[in-house]
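Structure, as structure tokens:
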Amino acid sequence: MKNFILTLLLLFIIFDISAQNKELNKYSASQLKSLAKSAHRQADTYSEIDFLHEYAKKKPADLKQLNRLAFLYYSVKNYPKAEKIYTRLYRADSLRYKTVSYYLGEIYKAYEKYDSALYYFNRCVQTSGNQHEKPIFYYISLAETESCRFALENCTNNDRIVVYHLNNGINKAHLETSPQILNDSTFIYSSFNLDSVPVYPLADSVLKPTLNFYAAHLDKNQWKPASYLPSPFFELNTESVANGCFSSDGLRFYFTVSKQNFKNQTISQIYVSQLVSGKWTRPEVPDKRLNYKGYTSTQPTLGEPFQNNLDVLYFVSDRPGGHGGMDIWYTVYNKTTDSYNKPVNAGGYINTFGNETTPFYVQETRTMYFSSDGLPGYGGFDIFKTNGSTVNWLPAENLGKPINSSYDDYYFRKLQNTESGFLVSNRTDAIALKNDHCCYDIFEFRLPEKIEILLSGNIVESDTSSLARVYRKFDTDTFSVKKRMRNSIDSTIVALRMKNTTTGNSVEISSQTLDSDSAHFQFNLEPDKTYELDIHKSYFLPKNIDVKTDSVNENSEIVLKDILIEPVPSKAIAFRNIYFDFNKSELTSESKTVIDSTILEIMKEYPEIVVEIGAHTDYIGSDEYNLELSQARAESVTDYLSSKGISPKRLKAMGYGELVPVSSALTPEGIDIPEGREKNRRIEFKLIGFLLTK
């Protein structure tokens, strides 16, 4: 029951062993089937996908293997591929393959098409409910219908929260996970530190890469990789490490060691290192009862202590005695006797029949943050919070959007004394490796800001200056941001220019930077002049505003201006009236007119922005052909913009083919929906960065 997701969460090792180096079409169907079974035994998911994909070409009527292939695509988050096969299976025999309805529901939930997801979950409930002994998918689908209704009723983002994708070398194309905050300027995390999938021969016994600890530090308001790794964050070389926490006295460091057993199953155990005479000991298993043999124990977090000599340690395990898949458990450590109590399940108020993972306990507020796929949410795992301790908890509350997305959201971690922190997600904007949403990255969340410019004081013609103060304040009016866009420091840069109203030219007379330690700006202003304030801030669109002092005189008291700087839009703008002739990539004259009045105008208005021009097709034609056609169409648009004077450095062409539909093109019965296909054929404009001007 969704435990395959936890393989990605706990260890997430994806290595191509052999399939990429073989000409698979030379193998017979029986050989491909045998190779797929061998890859499955070795937990080599992507090779198994390659073998079964080629097998399906030779044996398209083998629905059993098609069902396996669809599940593999689903398990690695390749939802477009999985959807295509599951839709075929649904039409072929939805009664025989009852779980197909469930997986289609999950896919449409990830797409945020909750009405379609409801249809398939209800279908799964209907077909499974007819059986005398109802399967687990009946109960899961029943719960998912409640989730869909929750998502439909709570679809609005909390505009006070913005979520940024960490870059600057922290996130790679492979997995980044388990951020652990040491202080407000340092955190550690685990990563493979890879930008590609290594390929190994089947017979190669070389040691595969492992998850290791890395550190990040805050440099000029930007998180960057640290050049050193402080103790006690060990590298175990042959095993993966993640999920750390310290004891209340700082003398013990708990973390997870993950490896594969002889069945190629990922098993995690909790280890501890102790600070003895100023040195950290080598990690060891703290107590055999803490790690249940043959089952996973992982993700420790320190709870609220009962008394000074006792520590409460929460962790996650799939051991017997739980409520579903992975549950939150706890044990009590006695510092005096150096012993652990027998672990206890945290109870049905926090655990469900699904999976609960990545707990994080804030002692000051007695708040537990955790992720779950068994409570109503937007899709995949959502982050929740509850108050209490041990087995006594209040009903859990979904943290809502944009903390949660329709994909997997884990590892909520909060900085001390601030309303900011980190989470781990495979949402849109995470770096793709094999396919979109395959991999997990670290995101930062925080409150947005408003710049308020206050001009006050007497304005005279001589050297007497007015006072310009720029305050950083929380903003309730802007909308959310999902990706860090700017490579400059995370501070507000305000340049003051004198503007010639006749020629439109301006000359810079002052420039100042507001960071977290600054109080205000001071500018010299003159009466009867026009000034231009040029405002730049990371993750926000550039802002230019004219400030006139023609109405200000010696008797004026205050001139107040509120300037809202808008965050970078997180979603692409779709243009469906940019047309191409059938099977052609050349722009029509009508399409050029549309581009002139839309995209070109935006590029001219914001001369620093870098954009992606994405082209999308409908499902007619092969995957390969549609990718090639969409790439050629995207390049036609960028070539045209270049011919109009837009620098190629500001343009990126990306063809997506049919992989990212925005509308259903087929009914559940397989009937074509022309309106849906038309919506899927589109050109999208997405802001992806800024040119560096300094």
Please list 653-660, 621-628 highest first by mean number of surrounding beta-carbon atoms within 10 Å per residue.
653-660, 621-628
A chain fully extended from Ala92 to Ala61 at 0.36 nm per residue, minus the present Cα-Cα distance, gains in nm 10.2 nm
Ratio to report: Rg/Rh of the range 65-124, with Cα atoms as the point set and Rh obtained by the Kirkwood method; give two decimals.
0.93
Under the definition of Cα pairs under 8 Å and six or more residues apart, what whole-number percent is the relative contact order of the range 24-88?
24
Find the all-direction average of the projected area of the Cα convex hull for the range 573-690, expressing the result in square nanometres with one decimal place.
7.1
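Just subtract the alpha-carbon distance of Asn387 and Thr281 from 0.36 nm times their residue separation and send over the number in nm, one decimal.
Here the segment from Asn387 to Thr281 would lengthen by 34.7 nm.
Mind scanning Lys77/Lys113; Lys37/Lys58; Lys592/Lys686; Lys57/Lys84; Lys33/Lys64 and naming the pairs with a C-alpha gap bigger than 21 Å? Please report the intermediate quantities before stating the final value.
On the way: Lys77/Lys113 16 Å; Lys37/Lys58 17 Å; Lys592/Lys686 18 Å; Lys57/Lys84 14 Å; Lys33/Lys64 12 Å.
With Cα atoms farther than 21 Å apart: none of Lys77/Lys113; Lys37/Lys58; Lys592/Lys686; Lys57/Lys84; Lys33/Lys64.
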Sorted by Cβ neighbour density within 10 Å, fewest at the top, the residues Tyr295, Tyr407, Tyr55:
Tyr295, Tyr407, Tyr55
Among Val611, Val276, what is the fewest-to-most ranking by other Cβ atoms within 10 Å?
Val276, Val611
Normalised contact order of the range 573-690, rounded percent, pairs of Cα under 8 Å and 6 or more residues apart:
37
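Taking the Cβ of Leu66 as the center, what net charge do the other residues with Cβ under 10 Å away carry, scoring Lys and Arg +1 and Asp and Glu -1?
Charge balance near Leu66 sits at +3.
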Ranked output for segments 577-585, 141-149 by mean other Cβ atoms within 10 Å, highest leading, reads 141-149, 577-585
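About its Cα centre, how strong a charge dipole does the range 573-690 have in debye, to the nearest 20, once Lys and Arg get +1 and Asp and Glu get -1 at the Cβ?
Using Cβ point charges on Lys, Arg, Asp and Glu, the range 573-690 gives about 440 debye.
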Amide H contacts under 5 Å for Tyr295, restricted to residues at least 5 apart in sequence or on another chain and with H modeled in the peptide plane, are none
Counting Lys and Arg as +1 and Asp and Glu as -1 over every other residue whose Cβ sits under 13 Å from the Cβ of Thr127, the net charge comes to +3
Computed ³J(HN,Hα) along the range 587-592: with the Karplus parameters 6.51/-1.76/1.60, θ = phi - 60°, integer Hz and x for glycine or proline, the list is 6, 7, 5, 5, 5, 5
Any idea how far the Cα center of the range 61-88 sits from the one of the range 584-657, in Å?
31
Taking the radius of gyration and the Kirkwood hydrodynamic radius from Cα positions alone, what is the Rg/Rh ratio for the range 99-151, to two decimal places?
0.97
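Once the piece of chain linking Thr588 and Lys288 is laid out straight, how much longer is it, given 0.36 nm per residue of separation minus the C-alpha distance between them?
Result for the pair: 100.9 nm of gain on full extension.
Only the coordinates and a few stated rules stand behind these numbers; no lab work does. Everything numeric here is computed off the predicted structure, so don't read it as measured data. Cβ coordinates were reconstructed from backbone atoms using ideal geometry, including for glycine residues, and neighbour counts include every protein chain displayed.
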